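Take a look at the structure set out below.
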Amino acid sequence: MEDLSRRRMLALSALGSVAVAGAANAATFGNPDEPAQGAVNSTPGAISEPGPQNPALAAQLPSFQNPPATDVGNMPMMWSSFNIVPKRIQAGGWARQVTATEFPASKAVSGVNMRLGPGGVREMHWHLAAEWAIMTNGRCRITMLDQQGRPYVQDVGEGDLWFFPAGCPHSLQGLGPEGAEFVLVFDNAFQSEFNTLLLTDWIAHTPPDILAKNFGVPVDTFKNIPLHDLWIFQGKEPPPLAADQAAVASGGTPREPFTFSLTGTRPVKETAYGRVQLADSHNFKVSTTIAAAIETIKPGGLRQMHWHPNADEWQYWIKGQGRMTVFNAGPRAQTINFRAGDLGVVPKSQGHYIENTGAEDVQVLVVFKAPEYQEIDLSDWLTHAPPELVAQHLNIDPATLARFPKGQLGIQPG
Ligand code: MN
Ligand code: MN
């Protein structure tokens, strides 16, 4: 019914009548483009899909099947998911990754989803990019050596982060009884977890007499080294944390910790409809190239329209389901649905909101390749510009503008 009346109004306005401003706005409200976009401006015969369908896949992305009439223009694909890439599975665990090769819109960072069972070890290694991570399940022991040769060994659990500066060698091990699952974010969009500098590879590809000289031991010390790399392998459960820390203590102690509890921090924004928790180089001091936040949006909540002036936003959907529209110059606007396990990208300074479309909390991790988190909130801007100026832009009376939320509240009721 509503669709029909909207169509009729559009048809009337298309007749070229010189309508007064108010009537013209009413006719095009929510359908700003010419020719008009969206199913609401089409016919059932024209929008049907008689061709082959993959209903399971289509149902994941309803806004792609039927975009709102306000969507316009072509935009890069800003949706991806760990669920559409293959796992590499070995004894001890698995990993899968979405780099810029799989997700070209992600120009700043790449992401890895990894599982290590109890005792499962991600082999001692290093790489060109810095590694930032968030634990999403279980417990993990991390070990690393920093740029000054100081060792760091720590156990992390759900909601904790780690940061390994570029080139610093490290290892990861799942702890009992549940093992660990986590997401790594590299500060280079092409960094691959499947192509890192591995301890076993270097040892196996160094002449044995050089190994003997380097370590000051007999050549046959190395007669049992693995000839192929381990990458992920089933290891023994490690000793208590204090024992491992004591074993490396002679190397000194880094000034700042390389781990941080993101979900344990006081929210920087909090309303009845959700909260935003933040970790950047101001509170997680070693994380100089990655800033991140967890946005929790309760059912009915809306993460307010905003943008980030300093970096692209890379998203990992941890819980729930929601919908986001990204706005760019052009105009361009694209609406995208997300579920847990999906990934998204919002390029720097492009406007966006996130709406919780489900019955449970949405939890989205947002990551930026930047030393600090920065945000501009649309409502905050409009309530801190001269009211008459804003009123003339939007044809909204200043008294109504005064009711817009002031400040960066983050989450609004839907
Ligand atoms: Mn690594
Ligand atoms: Mn954002």
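Choose one answer from GLY358, GLY341, GLY251: the residue with the largest mean-square fluctuation in a GNM of the chain with alpha-carbon springs under 10 Å.
In the Gaussian network model the winner is GLY251.
Students often get this wrong: which residues of region 137-162 have the backbone nitrogen under 20 Å from the point 7 angstrom along Cα-to-C-beta of GLN234?
Residues 139-141 qualify, since their backbone N sits under 20 Å from the label point.
Once amide H atoms are placed 1.01 Å from N in the peptide plane, what residues at a sequence separation of 5 or more from ASP312, or on another chain, have their amide H within under 5 Å of its amide H?
Under 5 Å from the amide H of ASP312 lie the amide H atoms of LYS348, LYS369, each far enough along the sequence or on another chain.
Order 167-177, 403-413 from most to least packed using the mean count of other Cβ atoms within 10 Å.
167-177, 403-413
Can you give the charge dipole size of region 262-413 about its Cα centre, rounded to the nearest 20 debye, using +1 on the beta carbon of Lys and Arg and -1 on the beta carbon of Asp and Glu?
220
Going down the table (LYS107/LYS285; LYS213/LYS285; LYS269/LYS319; LYS236/LYS285), which pairs top 29 Å between alpha carbons?
LYS213/LYS285; LYS236/LYS285
Among GLY322, GLY149, GLY235, whose mean-square fluctuation peaks in a Gaussian network model of the chain (Cα, cutoff 10 Å)?
The residue with the greatest mean-square fluctuation here is GLY149.
Calculate the all-directions average of the projected area of region 262-413's alpha-carbon convex hull, and give it in nm².
9.4
Could you please report the charge total around ILE203, scoring K, R as +1 and D, E as -1 over all other residues with beta-carbon less than 15 angstrom from its beta-carbon?
Once all neighbours under 15 Å are counted, the net charge is -3.
Work from the charge dipole of region 262-413 (Cβ charges, +1 for Lys and Arg, -1 for Asp and Glu, about the Cα centre) and give the residue of LEU343, TYR273, GLN412 farthest towards its positive end.
LEU343
Would you pull out the residues with amide H under 5 Å of SER81's amide H, same chain only if 5 or more places away, H placed 1.01 Å from N?
Correct list: LEU343.
Rg (Å, one decimal) plus Dmax (Å, integer) for the alpha carbons of the chain?
When restricted to the Cα atoms of the chain, Rg and Dmax are 25.9, 95 Å.
Tell me, what is the FRET efficiency for LEU394 and ASN137 to the nearest 0.05, using R0 = 41 angstrom and their Cβ-Cβ distance as r?
That gives a FRET efficiency of 0.35.
Could you calculate the FRET efficiency of SER349 with ALA58 from 1/(1 + (r/R0)^6), where r is the beta carbon distance between them and R0 is 22 Å, rounded to 0.05?
About 0.10, to the nearest 0.05.
Could you give the nm distance between label points at ARG88 and GLU256, where each point is 7 Å from its Cα heading toward the beta carbon?
In this crude label model, ARG88 to GLU256 measures out at 3.1 nm.
Suppose R0 equals 45 Å. What FRET efficiency, 1/(1 + (r/R0)^6) with r the Cβ-Cβ distance, do ALA212 and HIS282 give to the nearest 0.05?
For ALA212 and HIS282, the calculated efficiency is 0.40.
With each run of n ≥ 4 DSSP H residues scored as -39500 (n - 2.57), what mean residue ellipticity at 222 nm is computed for the chain after dividing by its residue count and rounding to the nearest 500 deg cm²/dmol?
-4500 deg cm²/dmol
Given axes a ≥ b ≥ c from the Cα gyration tensor, I'd like to know whether region 154-205 is rounded (a/c under 1.5), prolate (a/b larger than b/c) or oblate.
oblate
Spelling out what I want: for every residue of region 147-152, take phi, set θ = phi - 60°, compute 6.51 cos²θ - 1.76 cosθ + 1.60 (Karplus), and round to whole Hz; glycine and proline get x.
5, 9, x, 9, x, 9
Could you give the accessible area per residue of region 262-413, probe 1.4 Å, as a whole number in Å²?
Accessible area per residue, region 262-413: 43 Å².
Counting only other residues whose beta carbon sits under 12 Å from that of HIS228, what net charge do I get with K and R as +1, D and E as -1?
-3
Quick one: dipole size for the chain, taken about the Cα centre, charges +1 on Lys/Arg Cβ and -1 on Asp/Glu Cβ, in debye to the nearest 20.
The calculation lands at about 160 debye.
Per residue of region 32-40, in order, report the coupling 6.51 cos²θ - 1.76 cosθ + 1.60 (Karplus, θ = phi - 60°) as ³J(HN,Hα) in whole Hz, putting x for Gly and Pro.
Using θ = phi - 60°, the values come out as x, 9, 10, x, 5, 9, x, 4, 4 Hz.
I'd like to check one number: the per residue accessible area of region 62-166, probe 1.4 Å, reported in Å² as a whole number.
Each residue of region 62-166 exposes 37 Å² on average to a 1.4 Å probe.
What are the ³J(HN,Hα) couplings of region 271-281, residue after residue, when phi is run through the Karplus curve with 6.51, -1.76, 1.60 and θ = phi - 60°? Round to Hz, x for glycine and proline.
Result, ordered by residue: 9, 5, 9, x, 7, 10, 10, 10, 9, 9, 5 Hz.
Which order, highest average first, do 242-248, 153-159 follow once you tally other Cβ atoms within 10 Å for each residue and take the mean per peptide?
153-159, 242-248
What is the percent carbon and sulfur in the accessible area of the chain, measuring with a 1.4 Å probe over the protein chains and ignoring ligands?
The computed percentage sits at 59.
What is the distance, in nm, between label points placed 7 Å from the Cα along the Cα-to-Cβ direction at GLN148 and at LEU241?
Computed distance between label sites GLN148 and LEU241 equals 2.2 nm.
Any chance you could check the Cα centroid distance between region 222-260 and region 139-158 for me, in angstrom?
Taking the Cα centre of region 139-158 as reference, the centre of region 222-260 is 8 Å away.
What is the Cα convex hull volume of region 333-388 when expressed per residue in Å³?
Per-residue hull volume (Cα only) is 148 Å³.
The values are calculated or read from the model by the stated rules, or taken from the named source; none is laboratory data. Worth saying up front: this structure is predicted, and the values here are computed from it rather than measured. FYI the Cβ positions are ideal-geometry reconstructions off the backbone, even for glycines, and counts take in every protein chain you see. Keep in mind that these areas ignore ligands, DNA and RNA; they rest on the heavy atoms of the full protein, side chains included. Shrake-Rupley method; radii C 1.70, N 1.55, O 1.52, S 1.80 Å.
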